[in-house]
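A quick write-up on the structure given underneath.
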Amino acid sequence: MTNNSVGNTGRMLWAALRALLVLTVVCGVLYPLAVTVLAQVAFHDKANGSEIKDASGKVVGSELIGQTYDLPLQDGQEQAAPDLKWFQPRPSNGLGANSVNTRYKLILSGATNRSGDNPELIQWVKDAKAAVVKDNSTPGWKVKPSDVPADAVTSSGSGLDPHISPEYAKLQVHRVAEKNHLTVAQVDRLVADHTDDRTLGFIGEPRVNVLQLNIALKSLVTDEN
């Protein structure tokens, strides 16, 4: 009886070990390898993070993740000032101090989680609108507060949105044209060329990828100079 019990235990252990080895090879090696090969062949761009390259072929970001376009941080500054020669994304700092949202940094992301009638949020939006009006007004073109779209003064749910609305992009045209010594018509054409329609014609809203737009802007400025 003892020998039979030991033998049965041994066979069960050997069967379990074989199952472990087979499942390890299938699920831990073959399946991930097959998925990786399929992704690289059929969805190479998406599988590698939807990278965006500039005119020189250098990877400068992802079409899925927004980023800032700021001046170098100066001594005494907690937050760098925006570089106004570039199109600016929507706010990503929760419009105020926020331990969740860290301005397009991937360690943490999130929204402000404040209600629409929260006094602090209301003040942040008012301050952001005033900044948008000031930054985008030029000697020959004045931005009115009523012209400022919602995405110019609010962060997205993730805080990582790479897109802005066509309305916000057009609001920035005069300022970008002046800073880069271009005509308004040239910059306006860039915005039109980089405005994506609704997916399948009815999903979502028209949008502009800020990074792709700024790459096109850089190429235009280089060509003009």
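The values are calculated or read from the model by the stated rules, or taken from the named source; none is laboratory data. Everything numeric here is computed off the predicted structure, so don't read it as measured data. As a convention, Cβ positions derive from the backbone with ideal geometry for all residues, glycine included, and neighbour counts pool all protein chains shown.
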Task: Enumeration of residues in region 177-225 that are under 19 Å from Ile52 (Cβ atoms) and among the hydrophobic types (A, V, I, L, M, F, W, C) - done: Leu190, Val191, Val208, Val210, Leu211, Leu213, Ile215, Ala216, Leu217, Leu220, Val221
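Name the single residue that is surrounded by the most Cβ atoms within 10 Å (Cβ to Cβ) among those in region 52-69 being touching a residue at least 12 places away in the same chain (Cβ under 8 Å) and of a type outside the set (A, V, I, L, M, F, W, C).
To start, the set of residues in region 52-69 that are touching a residue at least 12 places away in the same chain (Cβ under 8 Å) comprises 52, 54-55, 60-69.
Narrowing the set further to residues that are of a type outside the set (A, V, I, L, M, F, W, C) leaves 54, 61-63, 66-69.
Numbers: Asp54: 15, Gly61: 22, Ser62: 16, Glu63: 16, Gly66: 24, Gln67: 18, Thr68: 17, Tyr69: 16.
Among those that are touching a residue at least 12 places away in the same chain (Cβ under 8 Å) and of a type outside the set (A, V, I, L, M, F, W, C), it is Gly66.
Table: residues versus (1) farther than 13 Å from Leu171 by Cβ; (2) modelled with pLDDT of 85 or more; (3) buried (at least 17 other Cβ atoms within 10 Å of the Cβ).
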| site | (1), (2), (3) |
| --- | --- |
| Ala80 | yes, no, no |
| Asn101 | yes, no, yes |
| Leu108 | yes, no, no |
| Ser137 | no, yes, no |
| Trp141 | no, yes, no |
| Gly157 | yes, no, no |
- [ ] Can you tell me which residue among Asp161, Asp223, Asp151 is free of Cβ contacts under 8 Å to residues at least 60 places away in the same chain, of a type in the set (Asp, Glu) and either crowded, with 19+ Cβ neighbours inside 10 Å or in a helix (DSSP H, G or I) (or both)?
- [x] Asp223
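Has region 182-202 got any residue that is more than 19 Å from the chain's Cα centre (by Cα), among the β-branched types (Val, Ile, Thr), farther than 28 Å from Ala111 by Cα and surrounded by fewer than 14 Cβ atoms within 10 Å (Cβ to Cβ)? Before the answer, list the steps.
To start, the set of residues in region 182-202 that are more than 19 Å from the chain's Cα centre (by Cα) comprises 182-190, 192-193, 200-202.
So of that shortlist, the ones also among the β-branched types (Val, Ile, Thr) come out as 183-184, 187.
Checking which are farther than 28 Å from Ala111 by Cα leaves us with 183-184, 187.
Still in the running and surrounded by fewer than 14 Cβ atoms within 10 Å (Cβ to Cβ): 183.
Yes, there is a match, as at least one residue in region 182-202 is more than 19 Å from the chain's Cα centre (by Cα), among the β-branched types (Val, Ile, Thr), farther than 28 Å from Ala111 by Cα and surrounded by fewer than 14 Cβ atoms within 10 Å (Cβ to Cβ).
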Task: Pairs where the first residue, in region 185-210, is on the phi > 0 side of the Ramachandran plot and the second is assigned to a loop (DSSP other than H, G, I, E, B), C-beta under 7 Å, 6+ apart - done: Gly204/Arg198
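Taking the stated definitions as given, is Arg90 in a loop (DSSP other than H, G, I, E, B) and either of a type outside the set (Gly, Ala, Ser) or in contact (Cβ under 8 Å) with a residue 40 or more places away in the chain (or both)? Break it down stepwise before answering.
Details: in a loop (DSSP other than H, G, I, E, B): yes; either of a type outside the set (Gly, Ala, Ser) or in contact (Cβ under 8 Å) with a residue 40 or more places away in the chain (or both): yes.
It is true that Arg90 is in a loop (DSSP other than H, G, I, E, B) and either of a type outside the set (Gly, Ala, Ser) or in contact (Cβ under 8 Å) with a residue 40 or more places away in the chain (or both).
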- [ ] Name the one entry in Lys170, Lys179, Lys218 that is touching a residue at least 60 places away in the same chain (Cβ under 8 Å) and under 22 Å from the mean Cα position of the chain (by Cα).
- [x] Lys218
Task: Restricting region 159-173 to residues that are among the small types (Gly, Ala, Ser) and modelled with pLDDT of 95 or more, the residue that is nearest to Arg114 (Cα to Cα) - done: Ser165
Open item on the list: Going by what's in this entry, would Val176 be described as at pLDDT 95 or above, in a strand (DSSP E or B) and in contact with a helix residue (DSSP H, G or I) (Cβ under 8 Å, 6 or more places away or on another chain)?
Closed with: no
